[in-house]
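Data first, discussion second: the structure below is written as structure tokens.
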There are 2 protein chains.
Amino acid sequence: MRPGVGFTGGILDRADPLRGDPARLAEAFAHPQARGLLLEGLAPVIEGSRLATSPLPQDAQVEDYALLGMDATGPVFVSILKKELPHGAGLTPGVWDLQRTLEPEELAHYGGARSLVDWHARHAYCANCGNSTVAVRAGWSRKCGNCASEHFPRVDPVVIMLAEHEGKVLVGRQARFQPRQYSALAGFLEPGETIEEAVSRELWEEAGVRTTSVRYVMSQPWPFPSSLMMACIAPVESPELTLDTTELEDAMWVDRDAVRAGLAREEGAPFLAPMAVAIAHHLLRAWLEE
Amino acid sequence: MRPGVGFTGGILDRADPLRGDPARLAEAFAHPQARGLLLEGLAPVIEGSRLATSPLPQDAQVEDYALLGMDATGPVFVSILKKELPHGAGLTPGVWDLQRTLEPEELAHYGGARSLVDWHARHAYCANCGNSTVAVRAGWSRKCGNCASEHFPRVDPVVIMLAEHEGKVLVGRQARFQPRQYSALAGFLEPGETIEEAVSRELWEEAGVRTTSVRYVMSQPWPFPSSLMMACIAPVESPELTLDTTELEDAMWVDRDAVRAGLAREEGAPFLAPMAVAIAHHLLRAWLEE
């Protein structure tokens, strides 16, 4: 079976009504089948093709856990006690292999849990007044004891897109990429923009091409630390490129044969496309199949 | 001309390369045509059909301003000095009338500036360590003097959607709505979800309907305080509703005639649709025109 978009297809019931109901939440926490998802820092702990869980410790306190949701067995929690995490939003080593190891829905559950745990670890204080905050709503927000501001987990929208011109699409590479690796261009959406406007701005800034339209294709949560990838295809007026070399080391137009070879990572391919865990892989494939 | 989606269609060049280049930024700040966008708190100051601006004060400091971008006249800044703002993310009074007053691109510029100013006002402290932060990158991020964390303006993705069944769509109302007003259902996307998964979850949670597919239609920045509205249409298996009455006071299936009358706000309409400033208006119209 062809692998799907990584980190998608979660099947946990997020059980939103329990979050705001302390009695029902306590009941779920005391459920005999309640489990805690195990993480090592932010990395997954894997048993076979599934994420490792364990019964909640005897002395566990509900306020130290987030309720990820309910599965067929029972409630699944994850510890949100502050821990020392590496600075920045780096990928977990081995993330590119996770899709080969984990069931798709397990990878999705890991991604959601990772983003939430990371957010708690980096948001113990109130951005509004600087005082400490406590987790509330079953770990789905934090509240300031001083100014009463409530803060919700961040999700940062990112546009990722293929410029398109006369049967070719534009792929680019950053200096940090593996040799021969190219991908779709991408960037954070900013306040005041639509998805379509952000796609046009990023293609202009990074590659100097002007879009004539933008079509949305698919989306993906990307938990490093918590992006929402929104993949689009955008025809452009002219193929002439002016690269922003602070962002891109190189960019090039590739035709269908090159994309096919790149996705298959063939030896003679003009470039190597990202692995199937990344939405860029599926965006290239969607373009091929249009 | 039919009004477009409110807060979209900005034409400022955001001038991203200047943000990270202190020399070029200082040059823009000293430009004889540099202007500051005027706000009263978070409300716009309007002259005719345009936003009021004024020359930058003699003693203005570049670090107290964000660079919104460049227009045909010159650079446009906005003050991000911390001010006391009303708590919460309320709408500015009169926001529903702004689209009748302002040129579309001016409404878009106001929305983006408002979100950014609001974010600075509520994010003076580091969420990671509680110390104070300073604006950097021309007002497009804040940096902690203590732990060096960099924080970027929030944009919170929201799904807004029409469930669809046998030629009808689902509209709902919250208790705070004007009498007879109904709109598309909506909710915040959470870490670990695709747009499509969030649409399905929200429709299940709020109305008890199960989607069979989800199609993206359009997006909008909604600056109260800084959402990205992503509008979708989703066919559902069965029209039977189980409402979450903590979210919705009522919901009902409406056919094309009802939607047409609701958009026109006809006297005998079964419901009143939102004004054209809101994306829900355009989502209903897009469904009609499919």
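Only the coordinates and a few stated rules stand behind these numbers; no lab work does. The shown structure was predicted, so the numbers you read here are calculated from the model rather than taken from an experiment. Cβ placement follows ideal geometry from the backbone for every residue including glycine, while neighbour counts extend to all protein chains displayed.
If you check B:A175 against the conditions, is it surrounded by fewer than 22 Cβ atoms within 10 Å (Cβ to Cβ) and under 23 Å from A:K143 (Cα atoms)?
no
Are there strands (runs of 3 or more DSSP E) fully within the range A:1-85 with at least 3 residues that are within 14 Å of another protein chain (Cβ to nearest Cβ), without any contact (Cβ under 8 Å) to a residue 60 or more places away in the chain and not β-branched (V, I, T)? List them.
A:65-70
When the range A:226-258 is examined, which residues are found to be under 15 Å from B:E193 (Cβ atoms) and in a loop (DSSP other than H, G, I, E, B)?
Matches in the range A:226-258: A:S226 only.
How many of the residues making up the range A:128-152 are crowded, with 24+ Cβ neighbours inside 10 Å and not basic (K, R)?
Residues that pass the stated criteria total 3.
Which condition breaks for B:P221 when tested against (1) in a loop (DSSP other than H, G, I, E, B); (2) touching a Pro at 6+ places or on another chain (Cβ under 7 Å); (3) buried (at least 21 other Cβ atoms within 10 Å of the Cβ)?
With (1) in a loop (DSSP other than H, G, I, E, B); (2) touching a Pro at 6+ places or on another chain (Cβ under 7 Å); (3) buried (at least 21 other Cβ atoms within 10 Å of the Cβ) applied to B:P221, the lone miss is (1).
Please work out which residue is nearest to B:M218 (Cα to Cα), limiting yourself to the range B:259-290 and to residues that are in a loop (DSSP other than H, G, I, E, B) and acidic (D, E).
My answer is B:E290.
Is the range B:97-111 home to any residue that is hydrophobic (A, V, I, L, M, F, W, C), within 20 Å of the chain's Cα centre (by Cα) and buried (at least 24 other Cβ atoms within 10 Å of the Cβ)?
yes
From the list A:R35, A:R114, A:R50, which residue is under 21 Å from A:G9 (Cβ atoms), surrounded by fewer than 22 Cβ atoms within 10 Å (Cβ to Cβ) and within 21 Å of the chain's Cα centre (by Cα)?
Result: A:R50 is the single residue among A:R35, A:R114, A:R50 that is under 21 Å from A:G9 (Cβ atoms), surrounded by fewer than 22 Cβ atoms within 10 Å (Cβ to Cβ) and within 21 Å of the chain's Cα centre (by Cα).
Which of the residues that make up the range B:252-277 are touching a Phe, Trp or Tyr at 6+ places or on another chain (Cβ under 8 Å) and of a type in the set (A, V, I, L, M, F, W, C)?
Across the range B:252-277, the qualifying residues are B:M252, B:V254, B:A258, B:V259, B:F271, B:L272, B:A273, B:M275, B:V277.
Condition first: without any contact (Cβ under 8 Å) to a residue 12 or more places away in the chain and either under 19 Å from A:Q220 (Cα atoms) or assigned to a strand (DSSP E or B) (or both). Now tell me which residues in the range A:182-192 satisfy that.
A:E190
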